[in-house]
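Next up is a structure, given as structure tokens.
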Amino acid sequence: MSASVVIKLDTRRIKQKTGKYPVKLLVTYNGEPQRYQTIYDLTEKEYNNLSASRVSDQMQKVRDSLKEIKRKAEEIISILEPFSFDDFKKDFVFNNPLFRQRKYLKNKVITTALNNDDFDYTPFHKKFPILMEPPADPTSFAFTFNSYIKKLLTEGRIGTALSCHCAYNSFKRFSGNVTLSYMTVNYLNRYEQWAKQGGMLKTTIGIYTRALRTIFNEADANGIIRKEKCYPFGRRKYQVPTSRNKKKALELNHIEQIYYYKPSCESEKKAKAYWLFCYFSNGINPKDVALLKYKNIQEEYIVFERAKTERTSRSDPKPIVVYITEEIAAIIEELGNKDKRPDNYIFPILYEGVTPLRQYDLVQFFVRFINDWMVKICQNLGIDKKATTYVARHSFATVLKRSGASTEVIQEALGHEDIRTTENYLDSFGNDTKKELAGRLTAFNKRREINPDDFSGTSNEIAISRVISELA
């Protein structure tokens, strides 16, 4: 049996100061009524006049608000399975500005616990406008987004916080600040269609909905929602969209061209050197390059932990070990800080005492510097592909794969916890190779048929190359 809702004027007790009665939301379930007092008080005449065809502007606003209360209450009830007054109160009434709150303060510990900290967020106001927004209803997605972004900032995870803030802005543009219980499977499907129509990439939709999934998990952990009541993610529910990485790696001959390229200015020289350092050093991430210190150099190797996985593998962090080749040593000697104390940074990108926010900005500047100048280098070389720091990482993995290295070896070199992440990095055969192979499907009417034995052995790529060579 579903609960019923109706807006009622409670005439059991008149307010002596105003001569008015409280307007309440009456919810009835299994014959049991519960009344929730709205912020409106009306006389009997005013209440009866709400149904008139013409009312004053002030009363029109009251009428619209009461209709909206009833509509949203019915939506919440339709989601709550099974229905309970406690869940309804927490999901809809508590901290709702349209209801008097003095009777619903037993959950106020949620608000206090999530907002009572001494961290100074002032430096982050410009990048994170959500921090300056008025306090939100704890059952709304804005409330948990706000508290989670604050948590990320206190941990120095600026990049993740910015991604989370972008997700928040996107959902807010779509629907306004609705309650978490309102964000159903249907809601997320509608959001995805809206985002696609607005030109948002599938990858971005995946990033934003994945952030929202984290928000639901945070809200559940903080006692704001119960996942069994209103969790839209999972099997047979909403599936976060994923997309397979497009080919990002450079061919070995392109890397060779970059290696022997003679820079025309100091900026090209530095950008090329840093890009090659990323490529030679296991496809190291630019942030990890910036964080490297001389103490990470241990005899013939650079040993470090990825900043990205430092939190997720605290119990048994697996370091990445890079053999210092002549090329790596030369780059360190040329661009590295001359002060080689163990706690000093290898490269002059960061400095001692840098704040997390400033560190983020400096790393972003470092990445843009490399990428912008590598665009010019590729143009000068006639390479029609991008050579970003991200491409350097993919190129490292792909070159190793094509040289015969196992996926497990590449996984360890890249520092991936999950081998599926490594598999996404690895490039497949290029389009030119696929085109050439497709043309061989009619080889039976040329020199000879393709023998299946040609494809036996441990390396299909070698076998395919041999067949192509014979048929050429």
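What are the semi-axes of the equivalent ellipsoid of region 157-274, taken as the square roots of 5 times the eigenvalues of the Cα gyration tensor, listed largest first and rounded to whole Å?
41, 16, 14
Under the Karplus relation 6.51 cos²θ - 1.76 cosθ + 1.60, θ = phi - 60°, what is the ordered set of whole-Hz ³J(HN,Hα) values for region 404-418, x standing for Gly and Pro?
Using θ = phi - 60°, the values come out as x, 5, 6, 4, 5, 5, 5, 4, 5, 5, 7, x, 7, 6, 10 Hz.
Short version: what are the Cα gyration tensor semi-axes of region 149-220, square root of 5 times each eigenvalue, largest first, in whole Å?
Calculated on Cα positions only, the semi-axes equal 21, 15, 10 Å.
Here's a follow-up. How would F365, F83 line up by accessible area, probe 1.4 Å, largest first?
Heavy-atom accessible area, descending, gives F365, F83.
Just check region 1-78 against the gyration tensor rule for me: Cα atoms, a ≥ b ≥ c as the square roots of the eigenvalues, rounded for a/c under 1.5, and otherwise prolate or oblate depending on whether a/b exceeds b/c.
Oblate is the answer for region 1-78, as a/c is 1.5 or above yet b/c matches or exceeds a/b.
Here's another thing I want to ask about it. On a straight-distance basis, which lysines could pair with K248 in a cross-link, Cα separation under 21 angstrom, same-chain partners fewer than 8 positions away excluded?
K202, K272, K287, K308, K376, K385, K386, K401, K434, K435
Considering only protein heavy atoms, what is the solvent-accessible area of R210 at a probe of 1.4 Å, reported in Å² to the nearest 10?
90
Right, next: Taking amide hydrogens as modeled 1.01 Å from N in the peptide plane, which residues meet the under 5 Å criterion relative to K20, leaving out close sequence neighbours?
Amide H neighbours of K20, under 5 Å, 5+ apart: K15.
Considering every pair of different Cα atoms, what Kirkwood radius, in Å, is found for region 6-46?
10.7
Just to verify a number: FRET efficiency for V303 and K340, C-beta to C-beta distance, R0 = 22 Å, to 0.05?
After rounding, the FRET efficiency stands at 0.85.
Something else now. Classify region 324-368 from the C-alpha gyration tensor, please: rounded if a/c falls under 1.5, else prolate or oblate depending on whether a/b exceeds b/c.
It is oblate, given that a/c is not under 1.5 and a/b is not larger than b/c.
Moving to a separate point now. What does the C-alpha gyration tensor say about the overall shape of region 51-103? Classify as rounded when a/c is under 1.5, otherwise prolate if a/b is larger than b/c, or oblate.
Cα axes put region 51-103 in the oblate bin.
Moving to a separate point now. Suppose accessible area is computed on protein heavy atoms with a 1.4 Å probe; arrange M200, M374, M132 from highest to lowest.
Correct descending sequence by accessible area is M132, M200, M374.
Also, I was wondering about something else. Give me the compactness ratio for region 234-292, meaning the Cα radius of gyration over 2.2 N^0.38 Å.
Its radius of gyration relative to the 2.2 N^0.38 Å reference: 1.70.
Moving on to the next point. Pull up the cross-link candidates among the lysines for K8, meaning alpha carbon to alpha carbon under 23 Å and not fewer than 8 places away within one chain.
K17, K20, K24, K45, K61, K67, K70, K72, K89, K90, K103
In whole angstrom, note down how far apart the Cα centers of region 180-223 and region 41-68 are.
Here the answer is 36 Å between Cα centres.
Find how much the distance from I328 to D120 grows on full extension, using 0.36 nm per residue of separation minus their present alpha carbon separation; answer in nm with one decimal.
That works out to 70.8 nm of additional length.
At 0.36 nm per residue, and after removing the present C-alpha to C-alpha distance, how many nm does the segment from R54 to L381 gain when stretched out fully?
Between R54 and L381, full extension yields 110.2 nm more.
Related question: How far apart, in nm, are the 7 Å Cα→Cβ label points at Y261 and W194?
So the two model labels end up 4.3 nm from each other.
The values are calculated or read from the model by the stated rules, or taken from the named source; none is laboratory data. Every value quoted in this text rests on a predicted model; they were computed, and no experiment measured them. In this analysis, Cβ positions are derived from the backbone assuming ideal geometry, glycine residues included, and neighbour counts consider all displayed protein chains. Please note that ligands, DNA and RNA were not included when accessible areas were found on the heavy atoms of the full protein model with its side chains. Shrake-Rupley method; radii C 1.70, N 1.55, O 1.52, S 1.80 Å.
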